[in-house]
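Student: I'd like to ask some things about the structure below.
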Amino acid sequence: MAPASAALKGTPLMALLTSALSTGFLLFGYDQGVMSGVILSPSFLDIMGSPSPLALGTLVSVYTFGAIFGSILSAFTSDKLGRKRTLIIGTSLVFIFGLGMALSGNRIQFGIARTIVGVGIGYITSITPVYQSEVSRHEQRGWQVCCQLTTMLVGLALAYWVNYGFYFRPGEAQWRVPLALQCLFAGYILVMVPFLPDTPRWLLHRFPLEPEQGREVLARLRGKKEDDEEVRQEVDEILKAVAREVRVEGTWGDLLRGNGVMANKRFALAVGIQFMQQMTGINIVTYYAPTLYKTGLGMSEEQALLLGGYTQLWYVLASFITWYTIDRVGRRVLFISMALGMCAVLVGEGLATASGTHLGALVAVVCLFLFEGCFTWGWMACVWVYPPEILPLGIRAKGSALAAAADFIGNWLVVELTPVGIANMGWKFYLVWAVFNFVNAIVVWLLYPETGGLMLEAVDHVFAERDENEDGIRNGLIDKFQWSRVRVAADAVKQAKSRDREHYRDTESEPLL
């Protein structure tokens with residue numbers, strides 16, 4: 001560990017960690033958005049050999065395939081290398097090959113560079129939520145991961161406005177500068193992360209017989225002395241979790257075994273929630289927005305780009321509400337309520353578009369803004385928070401990486417289906433995704449337990465395999481439809497919040513970071 005990092009503790013250390021990890025998701029957002037303007041540049045199209053629509057689509061989509069591969073590759077390496085070194089590997093790939101994209105002189109060079117940038121993004125998006133979850137306090141974990149998703153939206157918006165700014169500068173700078181800009185963000189991470197510690201949970205899991213380093217890091221993160229009661233209790237809880245998993249080596253087979261804590265079911269929940277995120281239809285709405293602005297409202301291309309930029313700004317501003325709600329309301333309530341909200345909005349979007357009138361087009365734009373709001377309030381940050389929380393320590397990195405891969409696979413499927421669906425079904429295509437959102441809400445209500453407010457180690461107790469009668473499961477007619485762990489988790493969260501209220505009644509509240 002770098003000596004300079006030892007001076008940081010408590011609030012400054014958490015602030016620096018959160019800023020570095022959030023910048024990783026800013027890279028994710030920027031990379032997602034920057035190509036929308038690049039592929040419109042005449043200079044880019046000329047240097048790429050005037051690619052056909054299919055070839056152009058391939059140049060854009062290889063990024064997603066790279067991200068899928070990077071997420072899976074991260075699952076092989078992150079437990080051995082640690083959260084910190086895994087992040088450095090991914091960011092280094094983005095820095096080197098992001099510069100390669102900006103300097104590319106032909107289609108092959110660009111395609112290879114973009115693919116490997118995708119690999120790096122796969123690494124980053126797999127490990128940063130795990131990293132943040134493992135260093136945060138349980139009552140602050142949700143909003144601190146929300147920082148990452150807000151900066152992702154900042155990256156999207158920044159890419160959009162950079163593209164808009166360079167729209168008026170014809171020539172190679174029109175696309176090379178926006179592509180090169182991502183290297184500044186990657187450089188910030190590469191400068192900061194070497195001075196930051198790995199997570200205490202990884203250190204204690206990797207070196208359980210030498211807990212001193214993990215204890216020292218945890219004390220610094222909490223801004224307390226190593227012999228402080230809170231630090232000792234948290235270290236004890238982590239070591240107990242490690243002891244329970246001593247027979248679980250974190251192999252691939254462990255993803256499919258219960259191991260006494262329903263690890264296989266929890267892995268299915270993690271993968272499922274990230275795939276379901278793409279089934280909300282967020283990319284359908286985002287895909288159709290420019291066309292809606294241009295054809296439905298009769299805007300010019302420049303005006304449509306400008307309104308698109310305001311759409312992204314709204315997306316960023318709306319995301320701040322989740323900072324407040326995610327830990328107070330909980331993941332489960334936000335999942336269900338916002339899925340139902342998106343269902344209703346998509347029905348309105350489809351009917352307004354079907355009307356073919358100017359008023360209908362205006363209503364459709366309003367629905368688009370409402371849809372993005374519902375998505376970011378319920379299915380943006382919560383989806384990335386949930387897998388690291390639900391998964392046991394031994395398979396947390398592997399499971400989160402594969403869950404991220406499921407997200408990218410769903411993303412690719414939706415983007416591939418969207419043009420065909422809109423061309424063949426028109427406004428009715430929105431109704432299909434309204435149904436998916438309704439199904440998402442039902443699935444979450446039936447199967448997904450609440451994890452907000454619980455220490456990561458406490459989630460193991462919720463999933464401990466035992467006689468259900470021991471948990472005092474309610475036997476009401478409606479309750480019988482839900483998986484029993486949903487109700488066990490609800491009771492555990494109530495108890496945890498009650499304990500937290502009693503604790504803060506007796507001690508001074510600490511800063512959020």
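The values are calculated or read from the model by the stated rules, or taken from the named source; none is laboratory data. For clarity, every value in this text was computed on a predicted model and none was experimentally measured. Positions of Cβ are generated from backbone atoms using ideal geometry, with glycine treated the same way; all protein chains shown enter the neighbour counts.
Student: From the list 52, 61, pick out the single residue that is surrounded by fewer than 21 Cβ atoms within 10 Å (Cβ to Cβ) and either within 22 Å of residue 152 (Cβ to Cβ) or charged (D, E, K, R) (or both).
Tutor: Selected residue: 61, the only one of 52, 61 that is surrounded by fewer than 21 Cβ atoms within 10 Å (Cβ to Cβ) and either within 22 Å of residue 152 (Cβ to Cβ) or charged (D, E, K, R) (or both).
Student: Looking at (1) within 28 Å of the chain's Cα centre (by Cα); (2) surrounded by fewer than 22 Cβ atoms within 10 Å (Cβ to Cβ), find the lone condition where residue 210 falls short.
Tutor: Unmet condition: (1).
Student: Checking the condition assigned to a helix (DSSP H, G or I) and either farther than 30 Å from residue 102 by Cβ or outside the structural domain of residue 394 (by TED's automatic domain parsing) (or both), which residue from 209, 181 passes?
Tutor: 181
Student: Could you say whether any residue in the range 124-132 is within 24 Å of residue 221 (Cβ to Cβ) and of a type in the set (Gly, Ala, Ser)?
Tutor: Yes, there is a match, as at least one residue in the range 124-132 is within 24 Å of residue 221 (Cβ to Cβ) and of a type in the set (Gly, Ala, Ser).
Student: Please list, ordered by first then second residue, the pairs with beta carbon atoms under 6 Å, 6 or more apart or interchain, first in the range 112-140 and of a type in the set (D, E, K, R), second surrounded by 22 or more Cβ atoms within 10 Å (Cβ to Cβ).
Tutor: Within 6 Å, the pairs are 114/63; 114/101; 134/199; 134/201.
Student: Within the range 228-239, does at least one residue satisfy the condition of being surrounded by fewer than 22 Cβ atoms within 10 Å (Cβ to Cβ), at pLDDT 85 or above and within 26 Å of the chain's Cα centre (by Cα)?
Tutor: no
Student: For residue 285, state whether it is part of a helix (DSSP H, G or I), of a type in the set (A, V, I, L, M) and modelled with pLDDT of 80 or more.
Tutor: For residue 285, the condition - part of a helix (DSSP H, G or I), of a type in the set (A, V, I, L, M) and modelled with pLDDT of 80 or more - is not met.
Student: In the range 3-38, how many residues are among the hydrophobic types (A, V, I, L, M, F, W, C) and surrounded by fewer than 16 Cβ atoms within 10 Å (Cβ to Cβ)?
Tutor: Of the residues in the range 3-38, 4 are among the hydrophobic types (A, V, I, L, M, F, W, C) and surrounded by fewer than 16 Cβ atoms within 10 Å (Cβ to Cβ).
Student: Still on this structure, I have one more. Please go through (1) within 30 Å of residue 242 (Cβ to Cβ); (2) modelled with pLDDT under 80; (3) not charged (D, E, K, R) for residue 402 and return the number of the only condition it doesn't satisfy.
Tutor: Every condition holds for residue 402 apart from (2).
Student: Could you tell me which numbered condition residue 300 fails, if it satisfies all but one of (1) over 30 Å from residue 343 (Cα atoms); (2) at pLDDT 85 or above; (3) assigned by TED's automatic domain parsing to the domain that holds residue 376?
Tutor: Answer for residue 300: the failing condition is (2).
Student: Now, a different point. Applying the selection to the range 113-131, what residues are over 22 Å from residue 101 (Cβ atoms) and modelled with pLDDT of 90 or more?
Tutor: 127, 131
Student: Then there's this: Mind checking which residues of the range 308-366 are hydroxyl-bearing (Ser, Thr, Tyr) and either in contact with a helix residue (DSSP H, G or I) (Cβ under 7 Å, 6 or more places away or on another chain) or within 23 Å of residue 451 (Cα to Cα) (or both)?
Tutor: Answer for the range 308-366, where residues must be hydroxyl-bearing (Ser, Thr, Tyr) and either in contact with a helix residue (DSSP H, G or I) (Cβ under 7 Å, 6 or more places away or on another chain) or within 23 Å of residue 451 (Cα to Cα) (or both): 311, 315, 319, 322, 324, 325, 337, 353.
Student: Among (1) over 25 Å from the mean Cα position of the chain (by Cα); (2) modelled with pLDDT under 85, there is one condition residue 215 misses while meeting the rest; what is its number?
Tutor: It fails just one condition, (2).
Student: Considering only the range 453-498, state which residues are modelled with pLDDT under 75, assigned to a helix (DSSP H, G or I) and surrounded by 11 or more Cβ atoms within 10 Å (Cβ to Cβ).
Tutor: 468, 471, 479
Student: Test of understanding: among 134, 139, which residue is at pLDDT below 85 and within 29 Å of residue 376 (Cβ to Cβ)?
Tutor: None of the other options fit; the residue is 139.
Student: Counting only residues that are in contact with a Lys or Arg (Cβ under 9 Å, 6 or more places away or on another chain) and farther than 30 Å from residue 490 by Cα, which one in the range 300-333 is surrounded by the fewest Cβ atoms within 10 Å (Cβ to Cβ)?
Tutor: Here the answer is 300.
Student: Still on this structure, please answer the following. One residue is enough: does the range 380-388 have a residue meeting the conditions in contact (Cβ under 8 Å) with a residue 24 or more places away in the chain, under 14 Å from residue 283 (Cα atoms) and assigned by TED's automatic domain parsing to the domain that holds residue 491?
Tutor: Among the residues of the range 380-388, at least one is in contact (Cβ under 8 Å) with a residue 24 or more places away in the chain, under 14 Å from residue 283 (Cα atoms) and assigned by TED's automatic domain parsing to the domain that holds residue 491, which makes the answer yes.
Student: With 416, 450, 457, 465 as the choices, which residue is within 18 Å of the chain's Cα centre (by Cα) and of a type in the set (Asp, Glu)?
Tutor: 450
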